[in-house]
Amino acid sequence: MSATIIDGKVFATTVRGKVAAHVARLKEENGITPGLAVVLVGADPASEVYVRSKGKMTIEVGMKSVEHRLSAETSEADLLSLIDSLNRDATIHGILVQLPLPGHLNEDLVINAINPAKDVDGFHISNVGLLGTGQKSMVPCTPLGCLMMLRDHHGSLAGLNAVVVGRSNIVGKPMAQLLLRDSCTVTIAHSRTKDIEEVCRRADILVAAVGRPEMITGAWVKPGATVIDVGINRIEKTDGGTRLVGDVAFESASAVAGAITPVPGGVGPMTIACLLANTLTAACRANGLAEPEGLTA
Ligand code: NDP
């Protein structure tokens with residue numbers, strides 16, 4: 001094994017520390033406490049876990065945390081009315097509607113009802129357009145976390161060949177936009193890509209966001225490349241228990257890569273840290289203050 005491990009847990013702790021320090025200054029110097037509202041509809045167990053840890057970490061960095069837990073039968077009109085009241089609440093700077101929503105609710109309609117300036121997930125169509133045209137926007141948390149780790153590891157990303165495997169709206173596409181913005185030469189690969197191994201082997205930066213356990217092996221990795229594994233897959237162990245693995249076969253890939261993120265403990269912890277960073281950024285922008293340095297795209 002030769003690759004440097006990019007430790008997302010340590011990195012996320014540093015990011016949260018920077019957010020907390022900035023929040024403390026905002027309170028002291030400007031009397032502003034950034035506020036994050038999380039809306040959970042229904043009782044999906046995985047979403048429950050995410051919402052709980054988001055609330056806990058929001059409070060830990062000194063922000064106001066508000067949780068709205070609605071029944072799975074909530075009507076679209078009631079959900080939109082709640083979003084409207086949060087949009088108008090000056091103490092709330094970030095609004096996150098936990099996805100997936102129950103089937104009777106139109107996710108696009110709901111997400112696009114959030115004030116884009118408070119859309120800390122960066123999924124609103126205005127933020128997607130702003131990111132695509134290289135303008136100031138709210139940036140989706142997972143790709144933002146990947147970008148921060150890549151910038152930290154490489155310094156400048158300019159001129160590097162980046163391959164993003166996966167073209168989802170929440171990870172693959174925004175990741176590619178961010179890398180392009182940092183002047184990488186970007187390829188997006190997906191399920192219809194021909195000779196995908198060969199495409200991946202050209203990457204100086206390889207981002208895997210596929211949702212297929214350990215699909216990308218060392219044979220796909222260019223020697224010395226940086227591998228960012230976004231995947232979170234729960235697989236069964238031989239003893240009947242389960243364990244988490246990424247989209248990258250860690251052992252074989254880390255024998256070839258120059259640097260790699262593990263799963264768990266890589267990209268995952270960065271996602272909530274970036275949600276907090278986005279909430280802070282939104283609070284600064286809402287009050288005409290300078291944005292936190294190193295915590296935005
Ligand atoms: P999606 O299912 O929305 O997208 C998966 C993408 O992978 C699609 O573009 C699909 O291509 C592509 N793909 C699927 N199979 C193959 C294949 N055999 N070869 C090449 N490409 C393929 O997933 P997400 O983007 O939402 O998530 C990806 C992974 O990241 C998941 O494991 C998810 O759990 C994880 N994740 C982790 C987060 C974190 O905080 N760390 C946050 C969000 C996601 P096509 O479009 O052609 O179908």
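Residues that are closer than 27 Å to G288 by Cα: list the helices (runs of 4 or more DSSP H) wholly contained in the range 1-118 that include at least 3 such residues.
Details: elements: 8-25, 45-60, 76-88, 107-111.
Because the criterion is at least 3 residues that are closer than 27 Å to G288 by Cα, the helices (runs of 4 or more DSSP H) in the range 1-118 that meet it are 8-25, 45-60, 76-88.
Tell me, yes or no, whether the range 132-145 has at least one residue that is of a type in the set (A, V, I, L, M, F, W, C), touching a strand residue (DSSP E or B) at 6+ places or on another chain (Cβ under 8 Å) and over 30 Å from L179 (Cα atoms). Checked against the condition, which is being of a type in the set (A, V, I, L, M, F, W, C), touching a strand residue (DSSP E or B) at 6+ places or on another chain (Cβ under 8 Å) and over 30 Å from L179 (Cα atoms), the range 132-145 yields no hits at all.
Hey, can you tell me all the residues within the range 200-232 that are among the charged types (D, E, K, R), touching a helix residue (DSSP H, G or I) at 6+ places or on another chain (Cβ under 7 Å) and away from the ligand (no atom under 15 Å from the Cβ)? Step through it out loud before you land on a result.
Let us first name the residues in the range 200-232 that are among the charged types (D, E, K, R), namely 201-202, 204, 212, 214, 222, 229.
Checking the rest, the ones that are also touching a helix residue (DSSP H, G or I) at 6+ places or on another chain (Cβ under 7 Å) come to 201, 222, 229.
K222, the sole residue that qualifies.
Residues that are outside any helix (DSSP H, G or I), within 14 Å of the ligand (Cβ to nearest atom) and surrounded by fewer than 16 Cβ atoms within 10 Å (Cβ to Cβ) within the range 169-199 comprise N169, H190, S191, R192, K194, D195, listed in sequence order. Has the range 212-227 got at least one residue that is part of a helix (DSSP H, G or I), under 27 Å from L144 (Cβ atoms) and under 24 Å from the mean Cα position of the chain (by Cα)? No, the range 212-227 has no match at all.
For the range 14-34, state whether one or more residues are touching a residue at least 40 places away in the same chain (Cβ under 8 Å) and among the hydroxyl-bearing types (S, T, Y).
If we filter the range 14-34 for residues that are touching a residue at least 40 places away in the same chain (Cβ under 8 Å), which is where we start, we get 15-16, 18-20, 22-23, 26, 30, 32-34.
Next, only the ones that are among the hydroxyl-bearing types (S, T, Y) stay: 33.
Yes - at least one qualifying residue is present in the range 14-34.
Matching residues to (1) at pLDDT 95 or above; (2) surrounded by fewer than 18 Cβ atoms within 10 Å (Cβ to Cβ); (3) in contact with a Lys or Arg (Cβ under 6 Å, 6 or more places away or on another chain):
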{"position": "I205", "(1), (2), (3)": "yes, no, no"}
{"position": "A208", "(1), (2), (3)": "yes, no, no"}
{"position": "K222", "(1), (2), (3)": "yes, no, yes"}
{"position": "G240", "(1), (2), (3)": "no, yes, no"}
{"position": "I260", "(1), (2), (3)": "yes, no, no"}
{"position": "G268", "(1), (2), (3)": "yes, no, no"}
{"position": "A273", "(1), (2), (3)": "yes, no, yes"}
{"position": "N278", "(1), (2), (3)": "yes, no, no"}
{"position": "N287", "(1), (2), (3)": "yes, yes, no"}
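Given the criterion touching a residue at least 12 places away in the same chain (Cβ under 8 Å), farther than 22 Å from T13 by Cα and not basic (K, R), identify the matching residue among G241, G246, G258.
Values: G241 fails: touching a residue at least 12 places away in the same chain (Cβ under 8 Å); G246 fails: farther than 22 Å from T13 by Cα.
Just one listed residue meets the conditions, G258.
Any residue in the range 114-122 that is at pLDDT 95 or above, within 11 Å of the ligand (Cβ to nearest atom), among the acidic types (D, E) and closer than 30 Å to R88 by Cα? Reasoning before the result, please.
Of all residues in the range 114-122, those at pLDDT 95 or above come to 114-122.
From what is left, the residues that are within 11 Å of the ligand (Cβ to nearest atom) are 121.
Going one step further and asking which of them are among the acidic types (D, E), we end up with 121.
Restricting the remaining residues to those that are closer than 30 Å to R88 by Cα gives 121.
Looking through the range 114-122, at least one residue is at pLDDT 95 or above, within 11 Å of the ligand (Cβ to nearest atom), among the acidic types (D, E) and closer than 30 Å to R88 by Cα.
In the range 233-266, the qualifying residues are those that are in contact with a Gly (Cβ under 6 Å, 6 or more places away or on another chain) and hydrophobic (A, V, I, L, M, F, W, C), and the one that is farthest from the ligand (Cβ to nearest atom) is A255.
Picking from residues in the range 108-129 that are within 17 Å of the chain's Cα centre (by Cα) and more than 18 Å from L86 (Cβ to Cβ), the one that is surrounded by the fewest Cβ atoms within 10 Å (Cβ to Cβ) is I125. Regarding I260, is this residue under 17 Å from the mean Cα position of the chain (by Cα), of a type in the set (A, V, I, L, M, F, W, C) and closer than 18 Å to V165 by Cα? Considered against the rule, which asks whether it is under 17 Å from the mean Cα position of the chain (by Cα), of a type in the set (A, V, I, L, M, F, W, C) and closer than 18 Å to V165 by Cα, I260 comes out as no.
The values are calculated or read from the model by the stated rules, or taken from the named source; none is laboratory data. No experiment lies behind these values; they were computed from the predicted model shown. Don't worry about glycine lacking a Cβ; one is built from the backbone with ideal geometry, like all the others, and counts go over all protein chains shown.
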